[in-house]
Amino acid sequence: MTRWSRRVRDYVTLRRKSRTPVWLSIGWRVVFVLALIGLAVSVHWLDRTGLRDNVDGHVSFLDVIYFTMISITTTGYGDIAPVSDQARLFDALVVTPIRVFVVLIFLGTAYNFVFRRTWDKWRMSLIQKTLHDHIVVAGYGTSGAEAVDELIARGTDAAEIVVVDPSPAAIARAEAIGCNVFEGDATRDRILEAVKLARARALIVSAGRDDTSILITLTARHVAPDVRISVAVRAEDNELPARAAGADVVINPTSFAGLLLAGSSHGPHIADYLADLASSDGRVQLSERTVTDAECGKPLSALASGLGVRVYRGGEPYGFWEPQAQALMPGDIIVEIIEGTGRPRKIGKAED
């Protein structure tokens, strides 16, 4: 799936949380129902000669109110009935639709304020039970959306990703591609507990503001001491506070862009190759895994699965040229360059 096709799915209808209080929303519905009933009562009263009272033969204003309410809420009892063609047409073409509207309004109110909340709570509890070894993404802006797209492109099921963002529009975009979503503030303990962060495989933080991202990291480390946290910061000065807050990996997009620019000045293909390594669309990819039993004792350069470039032993990194990389040991973490799934890039001839 191309990056363009993934981007097309981001264009969905925007949603915005209603600012109308619950009591006002219910009040407007009640007023609308009363207005419909008032319209029916008024027309029935003005055309009361078209009604016949089978009890006493006289149609009073109370009889009109009674007949209107019975006609709207039920099919009537027959004690008061429309006899003129005009009254029958009004009941058939106006009162019947009013009856349908009133029922739908009451059902809609009950759904929004009773059934929907119960349904949402049940669905949330069901999703929470199945959340294990998932990836939580706090912040679905440009960087967060790119991270989710890349995860899916690399084989992660969208159902294994939970997006947390306070923006309804961002939540709608994430939900449209199949992610689990939670609209809320990821700096709050209860939000991270609700998405079962303690059972997650990793947390990606890209809140758009460094202070918010660092606070999310600090809260996440408190809620889930063992989860792996990757955070994006834009100011170089904030890299150290992010690590102090508990981030395992701190990424500075600005610094990375500077590295690509600097690399391109030393050769026209360096930046292109680095972009290949970082993207699932490239011809080559970086892969990280634990060494297998069959590979123990062999040098890093002897990997059959790819080109070994670094080994981590006891948390310390060693390059392929160092003595520690000449004999792999159980528990080592290796970083290797493997074949990518993308198509070859078209590289133009370098200019002098």
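Segment residue 104..residue 198, full-extension length gain: 29.5 nm, with 0.36 nm per residue of separation and the alpha-carbon distance subtracted. Remark: the Cα gyration tensor places the range 173-218 in the oblate category, a/c being 1.5 or greater and a/b not exceeding b/c.
Here each label is just a point 7 Å from Cα along the line to Cβ, and for residue 244 and residue 327 those points are 4.2 nm apart.
Which whole-number percentage describes the relative contact order of the range 145-197, with Cα contacts under 8 Å and a sequence gap of 6 or more?
Values: 54 pairs, mean separation 16.2, N = 53.
Taking the mean separation of contacting Cα pairs over the length of the range 145-197, I get 31 percent.
Heavy atoms of the protein chains alone define the surface here; on that basis the range 131-220 has 38 Å² accessible area per residue at 1.4 Å probe size.
For 274, 203, 34, give me the order by solvent-accessible area with a 1.4 Å probe, most accessible first, ignoring ligands, DNA and RNA.
Largest accessible area first, the residues go 34, 274, 203.
For residue 290, put the label point 7 Å out on the Cα→Cβ axis and report which residues of the range 316-339 keep their amide N under 14 Å from it. So the set is 329-334. Placing +1 on the Cβ of every Lys and Arg and -1 on the Cβ of every Asp and Glu, with nothing else charged, gives the range 146-225 a dipole about its Cα centre of roughly 280 debye.
Cα centroid separation, the range 152-230 to the range 317-338: 32 Å.
The values are calculated or read from the model by the stated rules, or taken from the named source; none is laboratory data. The shown structure was predicted, so the numbers you read here are calculated from the model rather than taken from an experiment. Backbone-built Cβ (ideal geometry, glycine too); neighbour counts: all protein chains shown. Surface areas here come from the heavy atoms of the whole protein model, side chains and all, with no ligands, DNA or RNA. Shrake-Rupley method; radii C 1.70, N 1.55, O 1.52, S 1.80 Å.
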